[in-house]
Amino acid sequence: MCYAIPGKIIEIKDNYAVVDYFGEKKNVLLGVKNVSLGDYIYAQGGIVVSKISKDNATRTLRIWKKQFFELKKIDKKISQPATNGNLLGLMQKVNLGKNLASPELQRLLEMRENKEVQLLLETANNLRQKELGNACCVHGIIEFSNHCRNNCLYCGIRRGSKINRYRMSVGEIIETAKYAVKKLGFKALVLQSGEDDWYDEKKLVKIVKEISELGVLIFLSIGERSKKIYKKLYLAGAQAALLRFETSNKKIFAKVRPGTNLEKRVELIRYLKKSGFIVATGFIVGLPEEKNEDIIKNILLTKDLGADMYSFGPLIPSPLTPLAGQKLLDKNFLLKIIAVTRLADKNAKILVTTALQTLGGDALKMGLIAGANSLMINLTPYKYKKNYQLYPDRDRNKDDVKASIKNAINLLYSLGRAPTDLGI
């Protein structure tokens, strides 16, 4: 299965190319060299990641052509909301390019009537469909180490947790990536670990260089590293970074992330964005003492950081942490946050996180029809995945990777979503 549709370059201007997908025109950054007018390419995250021969592209497009438009019909039908005066007024503001004020967003978040909440979710999904179509980014994630130098109160792989620790070797990481790209068809990979300094600059550069040669978008999710290291990794071929700020509330941040600094973390995220990285960032919902106004501030900070992708999920209390007794959030509250985020930033790519999926078997589906349009499939070898215990029950899906992919793709098709990224 391929998680990108090839498109044809019909125009090149400065550092961008205009790419045609069955008549739809999308702008993409020229992330690879030696592409010319008329070439067929794959894009992920709005960046060209590889070329494809005309013959291969033609065969793939022949398979996709009918399904591409059929999926659009299904998606459009599902995403039609009912009507409601209050929500229509706010939608009109969004459609006119006006930002919803914090009190308006909070009022939406605090809706309780079932009919109103359902309409909120439907409205957000409709906005997603109108602005971004039925494309859904599918990323593969490789969790290569559960060692971490930090002792965050909410995290099951914190330094103080008594767990079975592991590190994948440089060679294992590269081979897992090769299998994901060459055998499974992934065009975007997330390389994730705890903040593990055993992987020094030399090791990380080698990993990134070799994987980038596969023609794939590389997301780094390795925590706070020096700007110098991030710059070298960018030059080595990593064009995206996932780094969440966790909470915009300074007091809460100081309590749950001892020994770290919110301002420093946010400044690093801004640096990554300014340096050319595609940036995914966001927060945890359900930290102690958090209020609804904090959640709205978290959404707005994510937007202010220029996030290319929103990544937020619930706190899943782990018995391995000091927050073991924290109350588990209601899944429906997370769905409202997805919807409110969509109304706050109509062009956002919003990820359905694995933490949200842990809250229930239908959480992935519900997140996607609440306004989200991105998901991750875990590609970590099971012997390691079972020990990446950020929170309980994370490894309950013991399906092999191919089964997980099949389940995800079938779900996307049922919703009229194309498992691909069509650019920006």
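Every listed requirement among (1) free of Cβ contacts under 8 Å to residues at least 60 places away in the same chain; (2) closer than 25 Å to ALA135 by Cβ; (3) not β-branched (Val, Ile, Thr) is met by ASP330 save one, (2). Mind listing just one residue for me: the one in the stretch 122-164 that is of a type in the set (Val, Ile, Thr) and assigned by TED's automatic domain parsing to the domain that holds ARG244 and, of those, nearest to the chain's Cα centre (by Cα)? Of everything passing the filter in the stretch 122-164, VAL138 is nearest to the chain's Cα centre (by Cα). For first residues located in the stretch 130-144 and within 9 Å of ALA418 (Cα to Cα), partners that are hydrophobic (A, V, I, L, M, F, W, C) and part of a strand (DSSP E or B) and lie 6+ apart or on another chain with Cβ distances below 7 Å form the pairs ASN134/ALA418; ALA135/ALA418; CYS136/LEU375; CYS136/ALA418; CYS137/ALA188.
Okay, residues lined up against (1) closer than 20 Å to PRO317 by Cβ; (2) out of contact with any Phe, Trp or Tyr (no Cβ under 7 Å at 6 or more places or on another chain); (3) touching a residue at least 40 places away in the same chain (Cβ under 8 Å); (4) outside the structural domain of PHE219 (by TED's automatic domain parsing):
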{"residue": "ARG257", "(1), (2), (3), (4)": "yes, yes, yes, no"}
{"residue": "LYS274", "(1), (2), (3), (4)": "no, yes, no, no"}
{"residue": "PHE277", "(1), (2), (3), (4)": "no, no, yes, no"}
{"residue": "PRO288", "(1), (2), (3), (4)": "yes, yes, no, no"}
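When the residues of the stretch 22-66 are filtered to those that are among the hydrophobic types (A, V, I, L, M, F, W, C) and in a strand (DSSP E or B), which remaining residue is farthest from PHE219 (Cα to Cα)?
The qualifying residue farthest from PHE219 (Cα to Cα) is ILE52.
Yes or no: the stretch 165-174 includes at least one residue that is over 30 Å from LEU262 (Cα atoms), in the same structural domain as LYS209 (by TED's automatic domain parsing), acidic (Asp, Glu) and surrounded by fewer than 21 Cβ atoms within 10 Å (Cβ to Cβ).
Within the stretch 165-174, one or more residues are over 30 Å from LEU262 (Cα atoms), in the same structural domain as LYS209 (by TED's automatic domain parsing), acidic (Asp, Glu) and surrounded by fewer than 21 Cβ atoms within 10 Å (Cβ to Cβ).
Of the residues making up the stretch 95-117, those that are closer than 16 Å to ILE338 by Cα and touching a residue at least 12 places away in the same chain (Cβ under 8 Å) number 11. Residues being within 29 Å of LYS297 (Cα to Cα), at pLDDT below 95 and in contact with a Gly (Cβ under 6 Å, 6 or more places away or on another chain) are entirely absent from the stretch 179-200.
Could you go through the stretch 58-71 and let me know if any residue there is in contact with a Lys or Arg (Cβ under 8 Å, 6 or more places away or on another chain) and outside the structural domain of ILE409 (by TED's automatic domain parsing).
Looking for residues that are in contact with a Lys or Arg (Cβ under 8 Å, 6 or more places away or on another chain) and outside the structural domain of ILE409 (by TED's automatic domain parsing), one finds at least one in the stretch 58-71, hence yes.
Considering the conditions (1) hydrophobic (A, V, I, L, M, F, W, C); (2) surrounded by 14 or more Cβ atoms within 10 Å (Cβ to Cβ); (3) modelled with pLDDT under 85, ALA82 is excluded by exactly one of them, (2).
Of all the criteria given as (1) modelled with pLDDT of 95 or more; (2) touching a helix residue (DSSP H, G or I) at 6+ places or on another chain (Cβ under 7 Å); (3) not hydroxyl-bearing (Ser, Thr, Tyr), the one not satisfied by LYS291 is (2). Report yes if some residue within the stretch 115-129 is charged (D, E, K, R) and at pLDDT 90 or above; otherwise report no. Yes; the residues of the stretch 115-129 include at least one that is charged (D, E, K, R) and at pLDDT 90 or above.
ASP39: touching a residue at least 24 places away in the same chain (Cβ under 8 Å), touching a helix residue (DSSP H, G or I) at 6+ places or on another chain (Cβ under 8 Å) and among the acidic types (Asp, Glu), yes or no? Here the answer is no, as ASP39 does not meet what is asked.
The values are calculated or read from the model by the stated rules, or taken from the named source; none is laboratory data. These numbers come from a predicted model, not from an experiment. Neighbour counts run over all protein chains shown; Cβ positions are idealised from the backbone, glycine included.
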